[in-house]
């Protein structure tokens, strides 16, 4: 699952540093004491239900909203005090495209290049480069409003790459895209991270984040609930691990399940899936105990093709953080103790 | 099922707080008009002159209200549904195009009915003052107003069925309103009393104007009658024309309400540079500046926002402006030539008057469409947020946007300068007048631009911004002219002069000594008004832009 994530260009230099970031609208707290850091070349996935504070966080980072308290720094530059500097360091793609009528794709990019003060010759070269990178060269003469949603997203990505920012902030970049466009967008983001860009991505499509993000932050009700790698979050969500054992024959499923029940905690979940010739169980036992379970299965004459741990799904993790917080007494805790990459 | 659409349309309209404020504002205004002229000393003029004077103004006020207020609702009705996708849902129901159209039309007519019913107490008060006939005056005026509501609602719905954007629908509809109600009076004004095809055309065209019909009804005389007596039944002629237009327009609109209304392919983005040389040459001949050529990059010395604004416009790109400027130049020179060649014996003042009226009409019609959506279009299209994330300062953004309006206006104003120059050549004594007229026109253009931009910036939607800007500008240009029409009775010279000081058209006409305006001294009071008004509008625009741009 993690094979897609870019590697090699991640450094230990923190690029994005949020400290005790709070935003209040009257009595309503949109963002509550958010603290996290992200290193250069990493992709951070920000997830949470509607109203969790994701867009508020993003807008503070790009200087569209002022925080009530706390600090937000990008590469050592204060997002609030030096918002002009931040504009040149950050590429922001909002969840809506922001198209202009009657404008062709190249004209659209030319305008934003000029708005960033890029000299005409360099701008023309840069437009060609980003269009090639995002695969939009063939649509350069098309009118932006006539493009499909997937095409518009890629043009939007081209727009934010024009001034070569260090940090890319993308609000729901894969929202509404068809599967092929989603895969293309994912590959593009991985490519950008591999080039050393730091990315902050929000998405509701959790499997996408699982595939590309180095770090994931789960937010609900303006609070950071979990922060870490997908594996770390999954482990924290559930102290029990899910183990799956694939058998050669479905006839042995019941026998294998009986052996497993005798070997792990009494009353533990053991599920027999005869159609898949699989036994699935959840346990808090250690690695050596699991080794013993495997030995007993083999000694019991069970023919096994696979015996492996199933990674906790991000959706599962997300739901476990999101669900209890609906009620009162939500316990704001950052997984892993500190929200640092 | 028919009533379901009407009910939905009507409740949507009436649910708006602005609508209620507007309706009650109108009622108060009409009431005040009667109260001001109500006899206070216990004596009543038996001739009923006083009530006729009030009723005359009351009629014009109601007509102006219907023409300014009503068309915006049908103009946005179909195109808004098309954009939101609800028209497809409606067409997918068993309602059918006829019922959809009738439902929408009835809702608009019901709204017009509400405005007319609200005016009844004031009309009754006029009637009670004496001197008015129930059938001869009141009924006929209300019949005329109902016909106006029907005709313009149908036309606006037709425009809406063709429009691709809401603001384009508003723009075209107001252009039609101005063209049909005011511009149709022009040929008659200049050719009345003469013989020939032009005089016949003028006579025919004025039958389309509700103002001409109302003037003949209220006994105000003919538009610019210059003492000529005319006994034509203009109400009857207008009734036939408006009913004909309403029927044709209805059938036409109904024929548009089917699946073909969505049958538009996405533009492939054809570029002239990729075409053959002969096609490129033909396009260059036709367009002068080909809108489909591959544009060059924005120069470092040019404000990128200005270029963006030009590129975003359909009307307003260079090829359109060049055509417009060419028409203005040819028309102004043609008029001046006609006078010098002795074809027309209007005199230099009248020619100057025509040019001023045409220029101001052009400025008033074009400026809000270019200027009103400067901020609201960005907000509506979510472009404002993107602009905020660029290093462009607010001042540079505003300046770029205003420049994109200033340049077309300058071209339009400059296009008629040759006409004025010829005028000065014929009559050197008019040099000072022409200079003052040019100042009036420049100030009018600046005022119209900044006012439209300021009013437009108060709205988040382009259609509302465009309608609001047109409403305010047309009110400033039109309402004082209503008072001017009541000059000497009921309004005295001083009152008319004071009111006309707020009117940019009247100021220019008084400077050029156009008949009817030559006795009013409106300069420099009008220039002060335009200058201060422009400054206040600019401050409002800057403040509103700063307000929506600052981090929340």
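Remarks
- Failed item, numbered, when residue B:317 is tested on (1) touching a helix residue (DSSP H, G or I) at 6+ places or on another chain (Cβ under 8 Å); (2) within 14 Å of another protein chain (Cβ to nearest Cβ); (3) modelled with pLDDT of 70 or more: (3)
- The set of residues from region B:295-308 being outside any loop (DSSP other than H, G, I, E, B) and more than 9 Å from chain A (Cβ to nearest Cβ) comprises just one member, B:306.
- Within region A:68-96, the set of residues being part of a loop (DSSP other than H, G, I, E, B), closer than 18 Å to residue A:17 by Cβ and either at the interface with another protein chain (Cβ under 9 Å from one of its Cβ atoms) or touching a helix residue (DSSP H, G or I) at 6+ places or on another chain (Cβ under 7 Å) (or both) comprises A:75, A:79, A:80.
- Number of the exception - residue B:399 against (1) touching a residue at least 60 places away in the same chain (Cβ under 8 Å); (2) touching a helix residue (DSSP H, G or I) at 6+ places or on another chain (Cβ under 7 Å); (3) within 14 Å of chain A (Cβ to nearest Cβ): (2)
- Filter result for residue A:133 (more than 7 Å from chain B (Cβ to nearest Cβ), touching a helix residue (DSSP H, G or I) at 6+ places or on another chain (Cβ under 9 Å), at pLDDT 90 or above and surrounded by fewer than 23 Cβ atoms within 10 Å (Cβ to Cβ)): no
- Of the helices (runs of 4 or more DSSP H) that lie entirely inside region B:375-475, those containing 2 or more residues that are out of contact with any strand residue (DSSP E or B) (no Cβ under 6 Å at 6 or more places or on another chain) and closer than 24 Å to residue B:67 by Cβ span B:431-457.
- Taking (1) surrounded by 20 or more Cβ atoms within 10 Å (Cβ to Cβ); (2) in contact with a helix residue (DSSP H, G or I) (Cβ under 8 Å, 6 or more places away or on another chain); (3) within 14 Å of chain B (Cβ to nearest Cβ) in turn, residue A:60 satisfies each apart from (2).
- Only listed residue being at pLDDT below 85 and in the same structural domain as residue B:52 (by TED's automatic domain parsing), chosen from B:211, B:238, B:191: B:191
- Of the residues making up region B:533-549, not a single one is within 14 Å of chain A (Cβ to nearest Cβ), outside any helix (DSSP H, G or I), within 30 Å of residue A:60 (Cα to Cα) and over 22 Å from the mean Cα position of the chain (by Cα).
- Just so you know, in region A:168-182 the residues that are surrounded by fewer than 22 Cβ atoms within 10 Å (Cβ to Cβ) and either outside the structural domain of residue A:212 (by TED's automatic domain parsing) or modelled with pLDDT of 85 or more (or both) include one that is nearest to residue A:111 (Cα to Cα), and it is A:171.
- Checked against the criteria, residue A:302 counts as at negative phi, modelled with pLDDT of 90 or more and part of a loop (DSSP other than H, G, I, E, B).
- Scanning region A:113-127 for residues that are at the interface with chain B (Cβ under 7 Å from one of its Cβ atoms) and assigned to a helix (DSSP H, G or I) yields A:114, A:115, A:120, A:123, A:124.
- Residue pairs meeting the criteria (Cβ under 7 Å; at least 6 apart or on separate chains; first more than 13 Å from residue A:257 (Cβ to Cβ), in region A:283-303; second part of a helix (DSSP H, G or I)): A:292/A:263; A:303/A:252
The values are calculated or read from the model by the stated rules, or taken from the named source; none is laboratory data. As the structure is a computational prediction, the values presented were derived from the model and not from experiment. So basically every Cβ, Gly included, is an ideal-geometry build from the backbone, and we count neighbours across all protein chains shown.
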